[in-house]
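What follows is calculated from the coordinates using simple rules that are stated; it is not laboratory data. Please read all numbers here as calculations on a predicted model, not as lab measurements. Cβ coordinates were reconstructed from backbone atoms using ideal geometry, including for glycine residues, and neighbour counts include every protein chain displayed.
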Amino acid sequence: MLVELKNTTKKLCVIGDPVLHSKSPLIQNTMIAALGLDYVYMAQPVARGHVAPWLTAAKVAGYAGFNATMPHKVDLVPLMDHLDEDARLYRAVNTVAIRNGFAYGHNTDGQGFLQSILDIGISPAGRNIVILGAGGAAKSVALKLVQQKARNVYICNRTLSKAIDLCDLAPFGSMTPSPMNRAALARLLPQADLLINCTSLGMTGVDAQWEDLSFLDDLRPEAPVCDLIYSPAETLFLEQARLRGHQTLNGLNMLIWQAIFALEHFTLTKIDGQAMLKVLAPVLSE
Ligand code: NAP
């Protein structure tokens, strides 16, 4: 897309390794244009282990802020001058606003997921929720759902030790680790009110695919099913859930909402998120 640059234009970017595939520049520059803001947003490769010199460089170069993706989110935590409640809760930072030489660390991932399910009428309070996966995305989603008073959050993961480590982060034993096998899912899914895939299985560019989705037969038809993946728009997991009659949601609106919340932190401007969803929908479906 074409971006108008002036001498006053403030710089934003997303850092990662890799990062050039990121949709964040398209999303952020579209919102910046729609809102008439004087910012530009780029993709900035930063190699693993180099996030500390990058932060110094960003401050010196006058960046207004940046987003972070793999593998930098955890490494940024000790480098922040201020951490918000969610970044503290997840022990990970995905948004850094730089003001007067100070770095303000935020994490908008969990809030982005929460808003995307609230938009379609799903509230986590009092629900039994089964999460597949125990990586970075599962961490923000699970801890946000616990914070929002989910009754039980079960973390099912191929590597059980990672599910145990994730559950240790939650207060008051509100999360329960489980293996991600047929027998364990047959025990958990009949009581589940919501099922969320936070693994990378089925994502475009990832070879690994679900081998057996028959565990979906154990889920009550009225339980919605979410997949954090947005490419492809409908994963095999979501297709099989839809064919069994479940309400389904992919990860696109989570991606958009976390970007909206990030832009609010960068600009200290309140943004009409529903209006931005309408602006971005045609751009992202191209
Ligand atoms: P991650 O930290 O690398 O975690 C990957 C997870 O997938 C782990 O739980 C891993 O299990 C599991 N997994 C990978 N291959 C597997 C296989 N063959 N069989 C079973 N489990 C497997 O990645 P992440 O950052 O959490 O991201 C996970 C997914 O969420 C990605 O597809 C990403 O694109 C998506 N995501 C979407 C958004 C959004 O805004 N919509 C935001 C963040 C992430 P092990 O622990 O056993 O390895």
Other-chain or far-sequence residues with amide H under 5 Å of TYR154's (modelled H):
ILE129, VAL130, ILE131, THR176
Those lysines that a straight Cα-Cα span of less than 21 Å connects to LYS10, excepting residues fewer than 8 apart in one chain
LYS23, LYS59, LYS270
Electrostatic dipole magnitude of the chain [Cβ: Lys, Arg +1; Asp, Glu -1; Cα centre; debye, to 20]
480
For the chain, set up a GNM with springs between Cα atoms under 10 Å and report which of VAL141, VAL93, VAL40 has the largest fluctuation.
VAL40
Rounded Å value of the spacing that divides the Cα centres of the range 56-135 and the range 260-274:
14
Per-residue Cβ neighbour rank within 10 angstrom, fewest leading, THR95, THR69, THR8:
THR8, THR69, THR95
How far is the Cα center of the range 148-179 from the Cα center of the range 1-19, in Å?
37
Mind listing the phi-derived Karplus ³J(HN,Hα) values for the range 71-79, rounded to whole Hz, using 6.51, -1.76 and 1.60 with θ = phi - 60°, and x for any glycine or proline?
x, 9, 4, 7, 4, 6, 3, x, 8
Which one of ILE271, ILE131, ILE260 has the biggest mean-square fluctuation once the chain is modelled by GNM with Cα springs under 10 Å?
ILE271
Could you list CYS226, CYS13 so that the one with the fewest beta carbons within 10 Å of its beta carbon is first and the one with the most is last?
CYS13, CYS226
Need the list of lysines near LYS162 for cross-linking: C-alpha distance under 22 angstrom, and skip anything on the same chain fewer than eight residues off.
LYS73, LYS139, LYS144
Out of residues 5 or more away from ALA192 or on other chains, whose amide H comes under 5 Å of its own, with H placed 1.01 Å from N in the peptide plane?
ARG220
Compute, for the range 1-154, the length of the dipole vector about the Cα centre, with Cβ point charges of +1 (Lys, Arg) and -1 (Asp, Glu) only. Units Debye, rounded to 20.
240
Length-normalised contact order of the range 158-278, Cα under 8 Å, at least 6 apart, in percent, tallies to 18
When the Karplus curve 6.51 cos²θ - 1.76 cosθ + 1.60 is applied with θ = phi - 60°, which whole-Hz ³J(HN,Hα) does each residue of the range 50-56 get, with x for Gly and Pro?
10, 6, 5, x, 4, 4, 4
Just to be sure I understand: if I project the alpha-carbon convex hull of the chain onto a plane and average over all orientations, what area do I get in nm²?
14.7
Under 5 Å between amide H atoms, partner at least 5 residues away or on a different chain: which partners does MET42 have, H built in plane at 1.01 Å?
LEU12, CYS13, VAL14
